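Okay, so here's the structure we're looking at.
The values are calculated or read from the model by the stated rules, or taken from the named source; none is laboratory data. Owing to the predicted nature of the structure, the values given are computational and were not obtained by experimental measurement. Because the Cβ atoms are built from the backbone with ideal geometry, glycine has one as well, and the counts that use them run over all protein chains shown.
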Amino acid sequence: MFDNLSDKLQRVFKNMRGEGKLSPANMEEALREIRVALLEADVHFKVVKQFIEDVKVKAMGEEVLTALSPSQQVIKIVRDELTKMLGTHQSRLRFANEPPTVILIVGLQGSGKTTSTAKLARFLTKEGNKPQLVSVDVYRPAARHQLSILAKQLNAPIYEGTAEETKPLELAKSARREAMQTGRDVVLVDTAGRQHIDEQLMQELSELKEALNPTEILFVADAMTGQDAVKSADEFHKRLGITGVILTKMDGDARGGAALSIRTITGQPLKFVGVGEKSDALEAFHPDRVASRILGMGDVLSLIDKVQQNIDFKTAEKMQEKLLGDDFTLEDFRDQIKQVKKLGSLSGLLDMMPQIGPLKELKNVKLDESEGDLNKIVCIIDSMTPKERRNHMIINGSRRRRIAKGSGTSVQDVNNLLKQYAQARKMMKSFTGQAGLLGKRMGKFKFPGLPGF
Ligand SMILES: Nc1nc2c(ncn2[C@@H]2O[C@H](COP(=O)(O)OP(=O)(O)OP(=O)(O)O)[C@@H](O)[C@H]2O)c(=O)[nH]1
Ligand SMILES: [Mg+2]
């Protein structure tokens, strides 16, 4: 699933990784490549257009995260937009206030309706529901038999119908009645398919909808058919009003274009994906997880999440101004360390970052030998007078002795801290200076002459 797209996007980001800073030119290049990658993955052109536009707007307005490199910044934006395109939140099945809930399974011939009906029965049973199955495909006797076999394998009750019941509506109504009598809370109605959307089928499905008042009408689409699946989902939605999509055969579809387009085109959520022929091969669809899987960069993505959750942006911004303005005091150093502590191990964090010049050196500062060291630094700085914290130059020998005593450390520790501070001050200034410039650039990002975007 999404293999090719995943590979291509990763290549785009890898190419960007070498860049110390983002420029309109390399951003333009990256967007172009992302656009091609999406089109090659068979994503609907309208969806691609919207996506690229959204990424562009976001890149222009994005809050600057100095803890992230330029390529990570872009990965973050692409990940967020990809998640949005896939529907943001998981869309769960809805249930009727008064059981039984009726779920109509509709779609074209061979898309996987009967298989998906069985898979849903299994899924619902595992969730603690009691599904009742019925097939209303009266055109092919083998179709009803197929569902019976699957139901028996799953030990799920199926309404087989009487000899007199020859119409879909009769069968469905009887199945619902039976569910009510036997205390079943969900009726899964497997319907007949057609090769193309035709009037007769639509009429039949409309009648079922009218009479059964289903809570969900799930359109089953075959992912292998790509944009055709999207088109028929859209048409079914316009004619019938679907409430969600089950995309089958995702195990055989390396491109994933249908999955990426269906939400934007139909406005209806992807609820499940089929990933195999067996009845356990059904997955609830999680937009965020799928977006992360497509980008395939677990470490970078979790870094982004950590930074987003933990960094206090206002403080970070002020800090950046200070660093640029050459008044990074010991107090700021302490605040910085507190922020770092919130993020966990500094070396762990640095490991996730691209190894660009100043950061590589920062690693050697060994701020992070242990959590205890960070605490020690905070303690020492706390033992200084405000005047000392603002001007480290006045901290002479006797002051160092007093600070060591006050913080329960040694003069050696105080000396080390002051050395580290001086070093960090020098290096972080050069690093944040770069990031600051980048920030300014990103802030006023212009994309001159980008036809087609
Ligand atoms: N690999 C794979 N095969 C699937 C999946 N879902 C369904 N199939 C296969 O697709 C074929 C058609 O599935 P059915 O469930 O019979 O499709 P249908 O929509 O009920 O077909 P009609 O009733 O004829 O309209 C079968 O061979 C299934 O095993 C899936 O997620 N992955
Ligand atoms: Mg069928």
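Pairs are defined by a Cβ separation below 9 Å, a sequence spacing of at least 6 or placement on different chains, a first member in region 200-216 that is closer than 15 Å to residue 242 by Cα and in contact (Cβ under 8 Å) with a residue 24 or more places away in the chain, and a second member that is assigned to a helix (DSSP H, G or I) and of a type in the set (D, E, K, R); the pairs so defined are 202/239; 205/239; 206/239; 212/173; 212/176. Of all residues in region 93-113, those being of a type in the set (A, V, I, L, M), part of a loop (DSSP other than H, G, I, E, B) and within 16 Å of ligand 2 (Cβ to nearest atom) number 1.
Of the residues examined, residue 90 is not one that is over 25 Å from the mean Cα position of the chain (by Cα), surrounded by fewer than 21 Cβ atoms within 10 Å (Cβ to Cβ) and either within 16 Å of ligand 2 (Cβ to nearest atom) or farther than 15 Å from residue 191 by Cα (or both). Quick check on region 184-239: of everything there that is assigned to a loop (DSSP other than H, G, I, E, B), away from ligand 2 (no atom under 16 Å from the Cβ) and polar (S, T, N, Q), which residue is nearest to residue 283 (Cα to Cα)? Once the filter is applied, the top-ranked residue is 215.
For region 68-87, filtered to residues that are aliphatic (A, V, I, L, M) and buried (at least 21 other Cβ atoms within 10 Å of the Cβ), the residue that is nearest to ligand 2 (Cβ to nearest atom) is 86. Scanning region 258-292 for residues that are assigned to a loop (DSSP other than H, G, I, E, B) and touching a strand residue (DSSP E or B) at 6+ places or on another chain (Cβ under 7 Å) returns 268, 269, 275, 281, 285. Each residue in region 73-120 was checked for being away from ligand 1 (no atom under 16 Å from the Cβ), in contact with a strand residue (DSSP E or B) (Cβ under 8 Å, 6 or more places away or on another chain) and among the aliphatic types (A, V, I, L, M), and 4 of them qualify. The single condition among (1) among the charged types (D, E, K, R); (2) modelled with pLDDT of 50 or more; (3) closer than 30 Å to residue 29 by Cα that residue 373 does not meet is (3).
If you go through region 240-250 and keep only what is within 16 Å of ligand 2 (Cβ to nearest atom) and either of a type in the set (A, V, I, L, M) or under 28 Å from residue 180 (Cβ atoms) (or both), you end up with just 246.
Could you list all residues from region 121-153 that are in contact with a strand residue (DSSP E or B) (Cβ under 6 Å, 6 or more places away or on another chain) and away from ligand 1 (no atom under 16 Å from the Cβ)? Listed by number, the residues that qualify are 124, 129, 131, 132.
Report the residue count in region 144-172 for those that are part of a helix (DSSP H, G or I) and surrounded by fewer than 19 Cβ atoms within 10 Å (Cβ to Cβ).
Applying the first criterion (part of a helix (DSSP H, G or I)) to region 144-172 yields 144-154, 168-172.
If we keep only those that are surrounded by fewer than 19 Cβ atoms within 10 Å (Cβ to Cβ) as well, we get 145-146, 148-149, 152-154, 169-170.
Number of matching residues: 9.
Taking residue 121, is it part of a helix (DSSP H, G or I), touching a Leu at 6+ places or on another chain (Cβ under 8 Å) and assigned by TED's automatic domain parsing to the domain that holds residue 206?
Here the answer is yes, as residue 121 does meet what is asked.
Taken residue by residue, region 131-149 has at least one member that is assigned by TED's automatic domain parsing to the domain that holds residue 276, closer than 23 Å to residue 242 by Cβ and more than 16 Å from ligand 2 (Cβ to nearest atom).
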